[in-house]
Structure formats: structure tokens, C-alpha cells
Amino acid sequence: LLGTMDLEEVLDQRHDLYRLAKVIRWERLDAAFVPLYADRGRPGLPIRRMAGLLILKQLYNLSDESVCERWRESPYMQYFCGETHFRWGYPCEASELVHFRKRIGEEGVGKIFEESVNLHREEVEGENELVADTTVQEANVTYPTETKLRERVIKRLWRLGEKHGVSWERSFKRTVPVLLQVARQRSNRSAKKRRKAIRRLQTVGHGLLKQYRAAREGQLGPKEEAELEVMKRILTQRFSEPSSQRVHSLHDPTVRCIGKGKVHKPYEWGRKAGFAITARSTVIVGVASFEDNLYDGDTLPRTLASATHHTGKLFRSVLVDRGYRGQTRYGMTEVVQPYRRGRSGRNAYQKSKHRKRMGRRAAVEPVIGHLKNDYRMMRSYLKGYTGSVLNAYLAASAWNFRKWLREGSLFALIRTIWRGFCKAFPGDCRLGAPPRFIPS
């Protein structure tokens, strides 16, 4: 029966996805993405379906495969993606989402993020102050050790040799497992043997790389040549070098080692991302991802430029922590930081007022926590710097969409009534305050 009836007639119009599907301007996304498709060849999948799947994936913290599974089970997801009748099949292959992300790129996901910001247009227009902070978006790489990286190079060379039919003079396939077993021992008695085995792995890697280059001379393409250069860098680098000059992953060579001063996680391997939210309504309006491990103060111009680009307005000030010290203004935007301890030349009233204003800066911390734990930013499974950019934009879009859904719920109505009551009778809202009786 569900397959023959119009979804518009059988679905609950109070459902989150039904309401969200009605307010997103899908025609703008269609107009932005249509030029990316050719007129010839196999017809492409509907743009609304693909864009809707990207939003649902981030909104419900699902993988590409899982969102396709959930789509065929949920009529609300199908309606959100533009279907008029219930379908029993899959919306697409999971790999189609990979191709669609590459097709639209950073500019395309920026359009989706802009739609999420437009849902909060009235709140954004009424505010002139931002809160900015940075975090690390970890890449999908393992903990880099000297032994592990050399092992990966050797095994990758074996796979490439098997693929291209390379005849090894000596493959070391019996030697490497023994060396790895010795290199992974942790006893102090075997420290000398362990160091010797790690050096031997380096020698084996150089030998295999030299054989492979000789066997494939004149046949190497640019992509393969770049991969071999990364392998050579891994085999020649020393762990005494600065982390910014080392390669930490064969899978993703541009990963950076970033330390944010966390006790439980001193170092993280990924890329830095910056976010700007409105000070009162906590709508994310600016997103920026960085390929290099920049000083926080140097990340602020791009974050503010993103906020201006997606909202169409300049903000008067931005609240930041002491990690941004060194700059007091970027263009027309004032950078506001906590006062230094000691004599600041200000009276008690000015200090108290500034302290209360800076208390709002902490609002960005739980937002980043939700982005990481709820919207797939804890670890970026999209490869490379471009993948980090796309993941950060989609996570911010999911936060804004979810925020709009929460504000339209019954809980938001009750919260608004309670805030109005607190403004009218502030003494009654304090914990332990005596009741206040108003004569009739």
C-alpha cells in the first residue's frame, strides 16, 4: 500500500525530515550543480537525491554504505531526497557519493552550508559579534612509528611489483617477517637487536625501491613517480627531524602532527580547522580548513572571510582566547581577547563587564564537541586535504540543520516562555530565591 500511495499523504508532517525538506531551497542547489554534468553519456542521478544523502549522512553520523541502507528503510529519508512514492531499492551505489563529493568540491559543499545558514537568517542579521576557535580534525591514519612506516613501504612495493609483473632479484619476503618480530619486542635485553632490525628494515626498503625503479624505468607515470618519492622520503627521514618536515603516513602524506596541549592526547595527526559562530545564537557561519599547522592567529582571516562570504555581512567584533594573541583587528573586525592579569589600566566595572562579555567565548567549545561526536568530525574518513575541507563544511551544515529542527520543536517553545518569565520576574528564577507574590 505504501508503494502505491503518495508519500505526501501518508507521512507525519510534524516529522523532522518532513519539515526540513520543505524549507531547504533545493532549486538553488540544482541550479548550482547542473553545470557540473555533461549533456552526453549516461544520465546522472537526481541532484536532490545525492545532496540529500550527503546531508542525511552527516546529520545521523552514518557511513556511505549505512546511509544507503537506512534510505531504503525510511520513507521520511526518501521524501527528504525528493521521492514522491516509496521505493524498495537502494538510492545509489555507495561509491556514487564519493564521485558526487569530488564533482561538487569545496564550492559545492559551501552551497549546502550556505543553505543551512539561510535557515537562521533573522538570527544572523541581528548579531554583530562572533566567537572563533580552532580544533584538529584527525585523519584516518594509524599512529606513525618508524617501524610501521617502513613496513608499509615494503608491503606497498610488493603489491606494486605483483601488479606490474616485476621480477625481484631478491624480494626479502622471508626476511621481513623475522625483522618485524624482533623490532616489536619490548624487552630491555633485546634493545640492541631491536635497533639493528629497524635499521635492516630501512636497508630492505631501499633495496626494493631501487629494484622496482630499475624494472619500471621509462614506464612510471606522474602519480606513481610521486608515490615513489614519498616512499623514498619515509626511508631517508630521521625521527630527530622537526615533525613539520616528516612524512607521517604513506596513505596521506600531507597529514600534520599537531599538539593542542591536551593531557589525554598530546599529539593529533590531521589538519587544523577553524569555526566561527554567532555569539548569542551559536549558528556556525564560518568554516575554514588548513593544510599546514598554522598559528591560531593566522587562521582567523580565512575564518572571518568565510563568515562574510556565507552571510553577506561584516561583523563588528570576534571573541577569541589567548591562543590568538598578537592581533587586535582584521579589517573592520575587532579581535577581543581576555585582559592580561595584573594592572591593565581599567577600573573594576570595566573588568567585570569585559569578563562577562568574554564568558560568552566558551560557547564555541560545546559546539566543537558536538561536531566531533555527533556529526563525523572526530575522524575524517575522506582522504587528503580536500576531504578534510568537505567534511568540515558538511559537519557545520548538519549542526545548523539540527539547530533549526530543535528550535522548531515544543521544547524550544517551552524554553522561550521560560526565558520570558525569567526576564519579567528575575527573582523567582534564581536557585533558592524566596517566592515573589504579586498582589491581584
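Grab the beta carbon distance between residue 325 and residue 210, set R0 = 35 Å, and tell me the FRET efficiency rounded to 0.05. Please report the intermediate quantities before stating the final value.
Values: r = 50 Å, r/R0 = 1.43.
FRET efficiency, residue 325 to residue 210: 0.10.
Which GluC sites (Glu not before Pro) from segment 169-259 combine a DSSP loop assignment with at most 14 other Cβ atoms within 10 Å?
Passing sites in segment 169-259 are 169, 217.
Hey, can you find the accessible area per residue of the chain for me, probe 1.4 Å, expressed in square angstrom?
I get 56 Å² per residue for this part.
Of 148/232; 265/372; 223/272; 265/353, which ones are farther than 23 Å apart at the Cα?
Where the Cα-Cα span goes over 23 Å, the pairs concerned are 223/272; 265/353.
Taking a quarter of the surface of the convex hull around the Cα atoms of segment 265-341, what do you get in nm²?
Average of the hull's projected areas for segment 265-341 equals 6.4 nm².
Between residue 148 and residue 262, what is 0.36 nm times their sequence separation minus the Cα-Cα distance? Round to one decimal in nm. Intermediate values should be presented prior to the final figure.
Working: separation 114, 0.36 × 114 = 41.04 nm, distance 2.48 nm.
Result for the pair: 38.6 nm of gain on full extension.
Apply the Karplus parameterisation 6.51 cos²θ - 1.76 cosθ + 1.60, with θ equal to phi minus 60°, to every residue of segment 170-184 and state each ³J(HN,Hα) to the nearest whole Hz, in sequence, with x for glycine and proline.
Karplus values, whole Hz, x for Gly and Pro: 8, 8, 6, 6, 8, 7, 4, x, 5, 5, 5, 5, 6, 5, 9.
Please report the projected area of segment 205-364's Cα convex hull averaged over all directions, in nm².
14.5 nm²
Volume per residue, Å³, of the convex hull around the alpha-carbon atoms of segment 220-268?
81 Å³
Hey, can you grab everything whose amide H is under 5 Å from the amide H of residue 289? Only 5+ residues off in sequence or another chain; H modelled, so Pro and N-termini drop out.
Under 5 Å from the amide H of residue 289 lie the amide H atoms of 274, each far enough along the sequence or on another chain.
List, in the order given, every pair from 196/262; 173/383; 22/403; 111/260 whose Cα-Cα distance in the structure shown is over 26 Å.
196/262; 173/383; 111/260, as the Cα separations exceed 26 Å there.
Return a whole-number percent for the relative contact order of the chain, with Cα pairs under 8 Å and 6 or more residues apart as the contact set.
Relative contact order comes out at 20 percent.
With θ set to phi - 60° and the Karplus curve 6.51 cos²θ - 1.76 cosθ + 1.60, what are the ³J(HN,Hα) couplings of segment 29-46 in order, to the nearest whole Hz, using x for Gly and Pro?
5, 4, 5, 6, 9, 4, x, 7, 10, 8, 7, 9, x, 5, x, x, 6, x
Quick one: plug the Kirkwood hydrodynamic radius of segment 69-220 (C-alpha pairs) into Stokes-Einstein at 10 °C, 1.306 mPa s, and report D in µm²/s.
Translational diffusion coefficient: 73 µm²/s.
Is the C-alpha gyration tensor of segment 1-131 telling us rounded, prolate or oblate? Criteria: a/c under 1.5 is rounded; beyond that, a/b larger than b/c is prolate, otherwise oblate.
Oblate, because a/c is 1.5 or more while a/b does not exceed b/c.
At 222 nm, what helix-only mean residue ellipticity would the chain give, in deg cm²/dmol to the nearest 500, using -39500 (n - 2.57) for each DSSP H run of four or more? Write out the running numbers ahead of the final one.
Values: 18 runs with 228 residues, N = 440.
Theoretical 222 nm ellipticity from helices: -16500 deg cm²/dmol.
Taking the Cα atoms of the chain alone, what are Rg (to one decimal) and Dmax (as a whole number) in Å?
Answer for the chain, Rg first and Dmax second: 27.3, 100 Å.
Test of understanding: in a Gaussian network model of the chain with alpha carbons linked when under 10 Å, which of 306, 243, 352 would top the mean-square fluctuation ranking?
The residue with the greatest mean-square fluctuation here is 352.
Karplus couplings for segment 361-373 from phi (6.51 cos²θ - 1.76 cosθ + 1.60, θ = phi - 60°), rounded to Hz, Gly and Pro as x?
Couplings: 4, 5, 5, 6, 5, x, 4, 5, x, 5, 4, 6, 8 Hz.
Under a 10 Å cutoff between Cα atoms, tell me which one of 103, 361, 40 has the largest fluctuation in the Gaussian network model of the chain.
40
The values are calculated or read from the model by the stated rules, or taken from the named source; none is laboratory data. Just so you know, these numbers come straight off a predicted model, no measurement behind them. Here Cβ is always computed from backbone atoms with ideal geometry, including for glycine, and neighbour counts include all displayed protein chains. Heads up: the accessible areas ignore ligands, DNA and RNA and are worked out on the full protein's heavy atoms, side chains in. Shrake-Rupley method; radii C 1.70, N 1.55, O 1.52, S 1.80 Å.
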